[in-house]
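Visitor: Below are the structure tokens for one structure; questions will follow.
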Amino acid sequence: MALTFQIIGYKKSGKTLITTELVRLLTDRHLHVSVLKHDAHASTMDTPGTDTAQFSHAGAQEVILQSANGIFCHQTTVQPVPVSRLIALLPTSTDVILLEGFKHAPYPKIALLRSYDHAIDFQQFTNIQVFASLTCHPDATLVGKTAICNWFVQTYFKGAATTND
């Protein structure tokens, strides 16, 4: 069973940057990585410069986008479904599933803080493992892309991999 982990935060908090970097780091370790992205807007998929294109370029084997327009997987649209059903669509060979967004899903997650966010802004979301920020923030345990990605790979991922063995 794949390790499933969420990257959450509000707009412009660094979710895509961290997700893309984790995809690169994990695929460099020859892991099969899939990304599911939630976007509340009328987004499309695989347009150059978009988040989904960045995930694919970074090495994600599958990228699924759920937007106000529906669900896209390689330009195929279907009706929105629960994230657990999206996960079920992924191949059993998947090692890591990174969910960008889907704040209310129950999976372990990191909450990324913008300069004007506070940890209390995330109290309605469950299973937050750590608060982080790309810049110095009083509520963040982890600061900067390197610290965030190192925490995931060396602490969270390693611990989860040991638990799942």
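The values are calculated or read from the model by the stated rules, or taken from the named source; none is laboratory data. A quick note: this is a predicted structure, and the numbers were derived from the prediction, not measured. Cβ atoms come from the backbone with ideal geometry, glycine included; neighbour counts cover every protein chain shown. In case anyone asks, the SASA skips ligands and DNA or RNA and just uses the protein heavy atoms, side chains included. Shrake-Rupley method; radii C 1.70, N 1.55, O 1.52, S 1.80 Å.
Visitor: Could you please find all residues in the range 86-120 being farther than 18 Å from L26 by Cβ, free of Cβ contacts under 8 Å to residues at least 60 places away in the same chain and not small (G, A, S)?
Guide: Across the range 86-120, the qualifying residues are L86, L89, H104, P106, Y116, H118, I120.
Visitor: Ok, one more. Identify, please: which residue in the range 126-140 is among the β-branched types (V, I, T) and farther than 10 Å from L113 by Cβ and is, among those, most open to solvent (accessible area, probe 1.4 Å)? Quick ask: steps written out before the conclusion?
Guide: Let us first name the residues in the range 126-140 that are among the β-branched types (V, I, T), namely 126, 128, 130, 135.
From what's left, farther than 10 Å from L113 by Cβ: 126, 128, 130.
On the way: T126: 80, I128: 43, V130: 14 Å².
This residue is T126.
Visitor: It is to be established whether one or more residues within the range 112-120 are in contact with a Lys or Arg (Cβ under 8 Å, 6 or more places away or on another chain), of a type outside the set (S, T, N, Q) and assigned to a strand (DSSP E or B).
Guide: Yes, the range 112-120 contains a residue that is in contact with a Lys or Arg (Cβ under 8 Å, 6 or more places away or on another chain), of a type outside the set (S, T, N, Q) and assigned to a strand (DSSP E or B).
Visitor: I would also like to ask the following. How do the pairs read when you match residues in the range 11-22 that are part of a loop (DSSP other than H, G, I, E, B) with residues anywhere that are modelled with pLDDT of 95 or more, using Cβ under 6 Å and keeping only pairs 6 or more apart or on different chains?
Guide: Within 6 Å, the pairs are S13/L112; S13/R114; G14/L112; G14/L134.
Visitor: Also, quick follow-up: Scanning the range 96-107 for residues that are surrounded by 16 or more Cβ atoms within 10 Å (Cβ to Cβ) and touching a Ser or Thr at 6+ places or on another chain (Cβ under 9 Å), which turns out farthest from F152 (Cα to Cα)? First the steps, then the outcome.
Guide: We begin by selecting, within the range 96-107, every residue surrounded by 16 or more Cβ atoms within 10 Å (Cβ to Cβ); these are 96-103, 105, 107.
Those left that are additionally touching a Ser or Thr at 6+ places or on another chain (Cβ under 9 Å): 96-100, 105, 107.
Working: V96: 12, I97: 13, L98: 11, L99: 14, E100: 15, A105: 19, Y107: 14 Å.
It comes out as A105.
Visitor: It is to be established whether one or more residues within the range 64-86 are modelled with pLDDT of 90 or more and aromatic (F, W, Y).
Guide: No; the residues of the range 64-86 include none that is modelled with pLDDT of 90 or more and aromatic (F, W, Y).
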